Amino acid sequence: MTKFVLKLMTKLLPIALFLGIFSWSSSYAVTSEFKEAFKDQVYADPETHKRLPLYQYGYNDREHSFAENVRTIGVVYGLTWFFYPIVQPKVFHGAGGVKEYQHNFGKLVFDQDEPFWNDFVHPLSGSQLYLLYRANGYDRLSAFEMTFVSSALFELTVEIFTEPASVQDLYQTPVLGTVLGYGIENASMYLLNSGNTIGKIIGHALNPATLFPFYEGRTFIIPKYNEEDKGAMIRMEMSY
Amino acid sequence: MKAYLFIFFLLIHVSALAAEKDTDQVRIHSQNVLAGNPLEDNFNLKTGLSLSRLFQTSALLPTQNKHESHSENTGFGFNTSVGYKWSSWEVLFSSDALFGKLNDLTFKVENQEVRGDGSFRVFTLSPLVRYYSPYSIWNRWNIYTSAGPTWSLHTFIIQNNLNNSDFDHKKRISFENRGGSLNIGVEEIVPYKETHPAFFEVGYSYMRSHRIFIVDASDFKDVKTIKKGASKDFSGHYFIFRLGITLF
């Protein structure tokens, strides 16, 4: 344990030093002039002095054509074929492989995996799939359905390289995944719309699908103040 | 056991007394229908917490004077269900994941007995048919009942061997069971599904093993099945209390 902490410290020390030097070197530049110039970049409520978010995050549910659904499922399915051998290298090393695939094809069993996998890892991956589809404009029900199809395809045709399809994974990945995804969705939207930098970082970390270009729920907010009319307005821009 | 049965029937009796028969069945559902976004004809996903009392029975080797080993345990966990609801009927898949402590139970594993304390976990999956009755309590809680077959996996982790057998605590005894369940509950009558109607439910489930597995969980990333075979030596039943909400 002590060795691990020392090893971690030696790795973190250069980063801490770099950040320290960087913040020290830039601190002198934060003058009142700089603050004045920066005023246009950070919007704050003039009365409460609370920071206003630059973007409004949310979800814009829309209809998807059948072709679009097939294309999206196809991309996700293709990615599982690409990533599964990377995270399960035994596919290439005898334990899994074509013979195992043939043996497991069409089988459905109760797996004996530990709760860490069945009640945490699989639902977590299901939640990220759900959030991926939500980011792509699917409403909650459609996102659940797409998650169900994606995880079933993975379970029945990809994971069987190493083990037979399991009842728990087929059910828990989309269902518990959606339950978890629903919670993450609400928590991340709250954090992203808080206007707080740390809130935004944690919000994006919880819900990484909001960082992808296909995310359809980000709205750019531009507050405008008209000196002549003494009027204020907020312009909102959406880009898809 | 008798006490639990008594409480179960008492609950049903009290519910029946408190229930008001609505002469117009539509009235119960009309609040939702008229609101323009009825709960009827709709898909739903529900989730919540579960509390159960399990009664587990395991057959012993025929040479013993005692034929069965019993254990009573409390289990906690969570429940989920996905279903499609018509006006009074709903078809759904329901699941419970329960975890609890095990007190002194003996298992017949091939030709030896393993007696021990530890913990257990249960995963159940039930395709159910649910009927929403025309009765409500205080005109707010709609009474429903559901029933269906149950498939479950019951896993025991023996941490202390009480008969000094050489059963490693990294090994698991697991039973694949079949059975059935019957539930009765109430669901909040609300105008919109988005207001997350709550539900409370009591249920009874019976299960009997049809397969046994001995698995090695030394490496939690890769649990290996050491032995498996047919087994009718384990049976159990449990009363369960569920509470939760409709998520969407």
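The values are calculated or read from the model by the stated rules, or taken from the named source; none is laboratory data. The shown structure was predicted, so the numbers you read here are calculated from the model rather than taken from an experiment. With ideal geometry, Cβ positions are generated from the backbone for all residues, glycine too; neighbour counts draw on all protein chains shown.
Summary of computed values
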| item | result |
| --- | --- |
| Region A:199-230 - residue that is surrounded by 12 or more Cβ atoms within 10 Å (Cβ to Cβ) and touching a strand residue (DSSP E or B) at 6+ places or on another chain (Cβ under 8 Å) and, of those, modelled with the lowest pLDDT | A:Pro223 |
| Residue among B:Phe213, B:Phe234, B:Phe200, B:Phe175 that is among the aromatic types (Phe, Trp, Tyr) and over 15 Å from B:Ser58 (Cα atoms) | B:Phe200 |
| Residue ID - modelled with the highest pLDDT, chosen from residues in region B:122-175 that are basic (Lys, Arg) and assigned to a strand (DSSP E or B) | B:Arg130 |
| Answer from A:Leu131, A:Leu153 - the residue that is surrounded by fewer than 23 Cβ atoms within 10 Å (Cβ to Cβ) and assigned to a helix (DSSP H, G or I) | A:Leu153 |
| Those residues of region B:49-103 which are within 14 Å of chain A (Cβ to nearest Cβ) and under 20 Å from B:Ile157 (Cβ atoms), in sequence order | B:Ser50, B:Gly75, B:Phe76, B:Gly77, B:Phe78, B:Asp96, B:Ala97, B:Leu98, B:Phe99, B:Gly100 |
| B:Lys46 vs. criteria among the charged types (D, E, K, R) and at pLDDT below 95 | no |
| Residue list for region A:163-189, restricted to those being part of a helix (DSSP H, G or I), more than 8 Å from chain B (Cβ to nearest Cβ) and among the polar types (S, T, N, Q) | A:Thr173, A:Asn186, A:Ser188 |
| Number of the condition not met by B:Gly185 [criteria: (1) surrounded by 15 or more Cβ atoms within 10 Å (Cβ to Cβ); (2) modelled with pLDDT under 95] | (2) |
| Criterion: more than 14 Å from chain B (Cβ to nearest Cβ), at pLDDT 90 or above and either assigned to a helix (DSSP H, G or I) or at positive phi (or both) - qualifying residue of A:Gly137, A:Gly126 | A:Gly137 |
| Those residues of region B:104-151 which are more than 14 Å from chain A (Cβ to nearest Cβ), surrounded by fewer than 21 Cβ atoms within 10 Å (Cβ to Cβ) and of a type in the set (Phe, Trp, Tyr), in sequence order | B:Tyr131, B:Tyr135, B:Trp138, B:Tyr144 |
| Single condition B:Gly77 does not satisfy, out of (1) within 30 Å of B:Ile212 (Cα to Cα); (2) surrounded by 17 or more Cβ atoms within 10 Å (Cβ to Cβ); (3) at pLDDT below 55; (4) not hydroxyl-bearing (Ser, Thr, Tyr) | (3) |
| Criterion violated by A:Phe144 - all others in (1) at the interface with chain B (Cβ under 9 Å from one of its Cβ atoms); (2) closer than 22 Å to A:Gly74 by Cα; (3) free of Cβ contacts under 8 Å to residues at least 12 places away in the same chain satisfied | (3) |
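Residue-wise test of (1) modelled with pLDDT of 95 or more; (2) within 26 Å of the chain's Cα centre (by Cα); (3) aromatic (Phe, Trp, Tyr); (4) more than 29 Å from B:Lys193 (Cβ to Cβ).
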| site | (1), (2), (3), (4) |
| --- | --- |
| A:Gly97 | no, no, no, yes |
| A:Asp111 | no, no, no, yes |
| A:Glu114 | no, yes, no, yes |
| A:His122 | no, yes, no, no |
| A:Leu131 | yes, yes, no, no |
| A:Leu141 | no, yes, no, no |
| A:Val149 | yes, yes, no, no |
| A:Val158 | no, yes, no, yes |
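Matching residues to (1) within 14 Å of chain A (Cβ to nearest Cβ); (2) under 18 Å from the mean Cα position of the chain (by Cα); (3) among the aliphatic types (A, V, I, L, M):
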residue: B:Ile189; (1), (2), (3): no, no, yes
residue: B:His196; (1), (2), (3): yes, no, no
residue: B:Met207; (1), (2), (3): yes, yes, yes
residue: B:Ile214; (1), (2), (3): yes, no, yes
residue: B:Ala217; (1), (2), (3): yes, no, yes
residue: B:Val223; (1), (2), (3): yes, no, yes
residue: B:Gly229; (1), (2), (3): no, no, no
residue: B:Phe241; (1), (2), (3): no, yes, no
